[in-house]
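What follows is a set of notes on a single structure, which appears directly below.
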Amino acid sequence: MAQIDAFFKMMHDLGASDLHLSSGSQPIIRLHGDMQRVKYKILEHDELKKLLYEITPENKIKQFEETGDVDFSYEVPHVARYRANFFMQKRGIGAVFREIPQKILTVDELGLPPILKNLAMLPKGLVLVTGPTGSGKSTTLAAIIDYANKMRKDHILTIEDPIEFVHEPQNCLINQREVGRDTLSFNAALRGALREDPDIILVGEMRDLETIQLALEAAETGHLVFGTLHTISASKTIDRIIEVFPGDLQGQVRSGLADSLRAIVAQNLFKRVDKPGRCAALEILIALPAVRNLIRENKIFQINSVIETGKKYGMQSLDDAIMQLLMAGKIDAEQAYNKAVNKSKFRDFLTTPPQDFTEV
């Protein structure tokens, strides 16, 4: 057993989501969204480096020492899997570990809208799950893929960096490929995917022009493609995809995206006040013909109006989702106000509305 495993056992027992180890600092965990120091000595560079290298594959050590950054996954048997990121900073080495539960929670167990199950059953197209770092995108995607795995008889191919949730084949064949271990890059894996007879492709992160281009191509050629982006709303997601391309290609990309897009789920996590834990508020855009026409005509600014009027199709705005959580007593008014788009809807719930000069 590696020495660092004791930290993982502790964070697992407490229900923490992240462990931060940084040279010149005590260990810190993120518990229900808040950073809390662990009663332990300050870790210095050499000691922490030895602690981290004990669990790091040789090729990842080489990559880290050459570049100053590395990602990989690590598993503590009978506890959980962890997504690891090492980085160099002013005081020395640093690392962050995100716990990935061994049990994949279902859409119902997570309290997510039932329409996410419908997304898992689509025959083809592009479905994007977006949100800030740490907003639960991977958990939501895992629940959708798990539903497809149970309900379909297809080939599911995931491309991740690193592999997070491990899916056992049920009704589907599932192949999970890790960038850096099983394939050179997202781009190489996506090119290969088109020859590997998949029905569903999960792209762990659409982070550059070529990856986005290949994902769009896969969606346009009859595959159901799931992907993630670090954007905060459905309209911003569409803008981000189009703006990644050079100006002379944006018209063509707009047309391709309009044809292939099926849904965008943008989510935010909130700290619960009714019990320990966190819950998600989701903005959901379903790509109806009206939405596709707005994308083609470059009228993205009208997307929010379509979401407001499309509730019968399963759409919902982020503010409506936040209001539901607030009315159910799951979150407090301050959180609701801070993460809302239209803050005026939530001011009356605050006893002392904050004076935010950026909102003037």
_Under 7 Å between Cβ atoms, which residue pairs at least 6 apart in sequence (or on different chains) link something in the range 24-40 that is surrounded by 14 or more Cβ atoms within 10 Å (Cβ to Cβ) with a partner that is acidic (D, E)?_
G24/E44; I29/D18; R30/D18
*Within the range 1-38, tally of residues that are part of a helix (DSSP H, G or I), in contact with a Phe, Trp or Tyr (Cβ under 9 Å, 6 or more places away or on another chain) and under 20 Å from K275 (Cβ atoms)*: 1
*Hey, among R91, R98, R37, which residue is touching an Asp or Glu at 6+ places or on another chain (Cβ under 7 Å) and not hydrophobic (A, V, I, L, M, F, W, C)?*
R98
*Can you spot a residue in the range 79-93 that is assigned by TED's automatic domain parsing to the domain that holds D197, assigned to a loop (DSSP other than H, G, I, E, B) and either more than 15 Å from the chain's Cα centre (by Cα) or surrounded by fewer than 20 Cβ atoms within 10 Å (Cβ to Cβ) (or both)?*
no
*If we keep just the residues of the range 258-291 that are in contact with an Asp or Glu (Cβ under 7 Å, 6 or more places away or on another chain) and under 21 Å from L325 (Cβ atoms), which is surrounded by the fewest Cβ atoms within 10 Å (Cβ to Cβ)?*
V273
*Looking at the range 238-250, which of the residues that are assigned to a helix (DSSP H, G or I) and out of contact with any strand residue (DSSP E or B) (no Cβ under 8 Å at 6 or more places or on another chain) is nearest to K299 (Cα to Cα)?*
D239
*asked:* Between a residue in the range 133-161 that is touching a residue at least 40 places away in the same chain (Cβ under 8 Å) and any residue that is polar (S, T, N, Q) and assigned to a helix (DSSP H, G or I), which pairs come within a Cβ distance under 8 Å, given they are 6 or more apart or on different chains?
replied: I156/N149
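Each row is one residue, and each column tells you yes or no for (1) at pLDDT below 95; (2) of a type in the set (A, V, I, L, M).
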| position | (1), (2) |
| --- | --- |
| M151 | no, yes |
| I159 | no, yes |
| N171 | no, no |
| I174 | no, yes |
| R195 | yes, no |
| D199 | no, no |
| H223 | no, no |
| T231 | yes, no |
| T237 | no, no |
*strands (runs of 3 or more DSSP E) fully within the range 132-237 counting 1 or more residues that are surrounded by fewer than 18 Cβ atoms within 10 Å (Cβ to Cβ)*: 155-160, 173-178
*Take the range 49-66 and flag every residue that is touching a residue at least 12 places away in the same chain (Cβ under 8 Å), within 10 Å of F86 (Cβ to Cβ) and either assigned to a loop (DSSP other than H, G, I, E, B) or out of contact with any Asp or Glu (no Cβ under 9 Å at 6 or more places or on another chain) (or both).*
K49, L52, T56, F64
_One residue is enough: does the range 261-269 have a residue meeting the conditions touching a Cys at 6+ places or on another chain (Cβ under 9 Å), within 20 Å of G136 (Cα to Cα) and either without any contact (Cβ under 8 Å) to a residue 40 or more places away in the chain or assigned to a strand (DSSP E or B) (or both)?_
yes
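The values are calculated or read from the model by the stated rules, or taken from the named source; none is laboratory data. Quantities reported herein were computed from a predicted structural model and do not represent experimental measurements. For neighbour counting, all protein chains shown are included, and Cβ atoms are generated from backbone atoms with ideal geometry for every residue, glycine included.
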